[in-house]
Amino acid sequence: MMSQISLLLTHLLFLPLTLCLLHPPPVHVPTLVPHVPTPLLRSHFSAHAQLDFTTHCNSSCFHRGEQEAQKEQLSEKLAFETLYADGSRTLTTVDVEGDDEEFEGNPFTQTPRPRARVKPRHKRVRRQIYGADGRFNIQGDNFLLDYPFSTAVRISTGCTGVLVSQQHVLTAAHCVHDGKDYVKGARKLRVGFLLPPNINGSKVTSSKRPLVRWARVKRTRVPKGWIQGPQEVSMDFDYALLELRWPHRRPFMRLSVAPDSDDLAGHRIHFSGFDSDRSGQLVYRFCPVEQESSDLIYQHCDARPGASGSGVYGRVWDNSLERWERKVIGIFSGHQWLEIDGESRDYNVAVRITPLKFAQICYWVHGNRLDCAQD
């Protein structure tokens with residue numbers, strides 16, 4: 001069984017790609033200008049991690065990102081909190097720089113601009129697993145320590161994260177904050193790196209689970225667009241960045257502004273996470289993009305609680321390297337019921353990395369806005 005899975009994964013991941021003659025143009029990334037951080041009161045860490053994150057959205061919600069937004073509104077949502085290991089926290093406000101023309105219409109999606117489209121589909125009644133389970137357990141040295149699977153890490157609150165630099169992990173905001181307060185486990189947050197079960201020379205068997213090496217988190221950053229109180233929580237800003245105390249030695253996956261699904265190789269997305277129904281195992285899946293809005297990617301990749309925070313990646317054309325590269329284009333958030341034209345459909349949903357979100361996360365990683373002018 002293991003050899004069949006290995007063969008299938010190798011076929012899926014390394015199948016030669018048919019390159020398009022035309023590639024998407026470079027994306028302009030706006031500039032965020034941070035202000036001096038303001039000290040805040042210490043968190044009470046009173047919230048509980050909600051791994052099974054579900055929201056509801058109607059037509060107004062689905063098309064909300066296409067509506068015109070003012071720079072002031074964007075600046076408020078892109079402000080961010082920083083939680084430190086000692087429990088202290090700060091608020092950093094930002095200004096968004098750019099010509100007024102860049103902010104006409106939808107400033108989150110300049111180029112490429114996703115099409116908010118809804119395909120006619122029959123109503124689905126099952127949640128998170130759609131039809132036959134299309135997930136694969138990743139086992140053995142050849143996969144657990146190999147890119148891209150090695151970029152997936154565990155979050156001590158029960159979620160998944162993805163390595164996006166030598167010292168940073170991207171995950172879902174709801175894994176550390178419920179929109180009102182930080183979760184109890186965020187007080188001593190840790191990130192777990194998988195090690196094969198035969199790391200000490202023991203023989204790998206199907207019953208053995210990978211080992212985990214835990215690393216402490218130095219600070220956590222969450223966008224103010226998420227911290228709006230329980231009544232205002234939406235998936236649009238469900239992302240957070242964790243900074244480790246010490247650099248790791250594993251390969252990481254670069255970020256990219258999410259292109260239109262038509263510009264993804266194979267029109268597919270992929271992600272690996274620690275689904276709760278497969279305890280201790282890293283689980284990989286892939287699927288086509290079903291719908292797109294300005295801030296979310298709708299799909300039917302099979303997933304269970306615990307996969308929240310997984311780095312959603314696709315093969316994106318890299319203009320500088322002139323080749324297709326795997327890049328993180330979103331963060332798996334959870335499940336959403338979408339009601340449009342009186343018909344209710346359910347999807348698994350990822351937060352797409354827009355130009356402004358890319359600028360914000362890039363600043364969190366580099367600490368220098370000049371390094372984030374372009375991908």
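Laboratory data are not the source of any read-out in this text; all were calculated from the coordinates shown. Just so we're clear, the structure is a prediction, and the values are computed from it rather than from any experiment.
Between residue 341 and residue 254, full extension at 0.36 nm per residue minus the direct alpha carbon distance yields a gain of 27.5 nm.
Suppose the chain between residue 42 and residue 58 were pulled fully straight at 0.36 nm per residue; how much longer would it get relative to their current alpha carbon spacing? List each step's numbers first, then the result.
Numbers: separation 16, 0.36 × 16 = 5.76 nm, distance 3.62 nm.
Once the chain is fully extended between residue 42 and residue 58, it gains 2.1 nm.
Full extension of the chain segment joining residue 33 with residue 209 gains 58.8 nm, where the gain is 0.36 nm per residue of separation less the Cα-Cα distance.
The range 337-375 and the range 257-328 have their alpha-carbon centroids 13 Å apart. Once you've got the Cα coordinates, tell me which of 71/224; 327/357; 71/218 are over 22 Å apart. Result: 71/218 exceed 22 Å.
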